[in-house]
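A.B. asks: Before we start, here is the structure in question, set down as structure tokens.
The values are calculated or read from the model by the stated rules, or taken from the named source; none is laboratory data. Because the structure is predicted, anything quoted here is derived from the model rather than measured. Positions of Cβ are generated from backbone atoms using ideal geometry, with glycine treated the same way; all protein chains shown enter the neighbour counts. Calculation scope for accessible area: heavy atoms of the full protein, side chains included, ligands and nucleic acids excluded. Shrake-Rupley method; radii C 1.70, N 1.55, O 1.52, S 1.80 Å.
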Amino acid sequence: MIGVGPVLRQERIEAIDILRGVAILGILIVNMGLFSLPEGNAVDSPAQRLILFSSQEKFKALFSFLFGSGLAVQMMRAGARGAQFLPLYARRLGVLFLIGVAHFLLVWDGDILHDYALLGVVLLLFRRSSPKTLLVGAGALLAIPMLFFGLTTYSAVTGHVNPPVKEWITYENGAEADGTSDDVSDTYARGSYADMISLRASELPRDMLPDTDDAYVLAIFLLGLYAGRRRIFHDTLAHLPLIRRVQRWGLMIGVAGNAAFAAGGSFNPSPTSVAQNVGRLCLVVAAPALMLFYASSLILLTQREAWRRRLAPLAAVGRTALSNYLLQSLICTTIFYSYGLALFGKVSPSLGLLLTITIFLIQIPLSVWWLRRFQFGPVEWLWRSLTYWQRQPMRLSAGVGRQIGAGVVT
């Protein structure tokens, strides 16, 4: 039997790596506010509203979509090589979980990697589902957050919150967790590194409990798996009519719904604010819609040779997405937390957006430079080596490094 190995450079799909590179930028745009400002910071600037409209949840959705499509790609590659897929993918998720937990405890409590690893186990249950079942499942899962925000909207309109709904809101907001938002902000602004680790360790068990956001992410996983099963990225030309329809509908639904969300002005809606709750309810559908508009537009651009060349450096960021994601956390926590430059709570959203662009403009040439010399990003190399329990070759052979491959990494 032929063993399954890491995805080779020549096997990669460039459009997916470009999308993943764009997702890395979008995730930093959103995360910058989480790194730099106290939780629950009120919207008070055009920059914040722009981020709410254009980025909030869209690039996390894109990352989730690509994670789901990556499962389909890896299943097809394993099948083509006659390899057993399930044990390999289970080890892959296990290593990703450990990397995510280390990131959560040692660097930043906004980690999504351990969540993806846990939800990836659930995703495996759908790996052989028909495309129709995947779409129905995604719709059913999206109905869960829609129900929740529908109830919070009803409570805001009527001014009456039933005890079960109140308990659900309390659970989703994590209000039962120890400590207050002010205590958390004070720890990151003035506490020691040991204090931060202790705080994050106390938050981790609560963070692993299921909530409506998990249902939302799993729904996007299923949409990505659907795209992978239909081989949309493998045969883009055959699916151009579908991609264009997705682009049109994604734009219309995304703009309308995200305008309502940005007008509400908050990601975590207040139980008493009608505007915030209506906006958050709209976001459940509008964020995936605008994400699909972004993704379909980029895919259509990659059908043109000139645009493929322009976007190629983003593929390098996408191929090293895991390393770049963790690097962003290291850079930003060093800038904002007390053990670094201690700028927590002192940087405006507009300045934070400028800082985001600066960091990403550094990551692009850094990623290109790295991949001219090495096959994988440093954390990707560790991930693969632990997954296969064998040290993977790191350096490129002479001549190969002059080309930037394209790819699929989940």
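A.B. asks: Checking the cross-link filter: which aspartates and glutamates have an alpha carbon closer than 18 Å to that of Lys346, excluding same-chain neighbours under 8 positions apart?
C.D. replies: Straight-line reach from Lys346, under 18 Å: Glu39, Asp44, Asp182, Asp183, Asp186.
A.B. asks: Let me ask another. List the residues whose amide H sits under 5 Å from the amide H of Phe374, counting only those 5 or more places along or on another chain, with H placed 1.01 Å from N in the peptide plane.
C.D. replies: Residues meeting the amide H criterion: Leu396.
A.B. asks: Turning to a different aspect of this structure: Students sometimes get this wrong: rank Tyr116, Tyr294 by accessible area, probe 1.4 Å, all chains present, largest first. Numbers along the way, then the final one.
C.D. replies: Details: Tyr116 10, Tyr294 55 Å².
Correct descending sequence by accessible area is Tyr294, Tyr116.
A.B. asks: While we're here: Among the complete DSSP H segments of the chain, which ones combine at least 18 Å of alpha-carbon extent along their axis with a mean Kyte-Doolittle hydropathy of -0.5 or more? Intermediate results must be reported in sequence, preceding the final value.
C.D. replies: On the way: long enough: 14-36 (33 Å, 1.63); 58-81 (34 Å, 0.61); 85-106 (31 Å, 1.62); 131-158 (40 Å, 1.33); 193-207 (21 Å, -0.43); 212-229 (26 Å, 0.92); 240-264 (35 Å, 0.72); 274-301 (39 Å, 1.70); 305-319 (20 Å, -0.36); 321-336 (22 Å, 1.25); 349-371 (32 Å, 1.73).
The qualifying helices are 14-36, 58-81, 85-106, 131-158, 193-207, 212-229, 240-264, 274-301, 305-319, 321-336, 349-371.
A.B. asks: I've got another one for you. For the stretch 124-275, with all protein chains present and a 1.4 Å probe, just round the carbon and sulfur fraction of the accessible area to a whole percent. Walk me through the numbers before you get to the answer.
C.D. replies: Values: 5060 of 8070 Å².
The computed percentage sits at 63.
A.B. asks: Separate question: Sort 206-217, 28-39 by the packing proxy (mean of other Cβ within 10 Å over each peptide's residues), most packed first. Intermediate values should be presented prior to the final figure.
C.D. replies: Details: 206-217: 16.7, 28-39: 21.0.
Per-residue mean Cβ counts within 10 Å order the peptides as 28-39, 206-217.
A.B. asks: Which value, in Å², gives the accessible area per residue of the chain when a 1.4 Å probe is used on the protein heavy atoms?
C.D. replies: Working: 18380 Å² over 410 residues.
For the chain, the per-residue accessible area is 45 Å².
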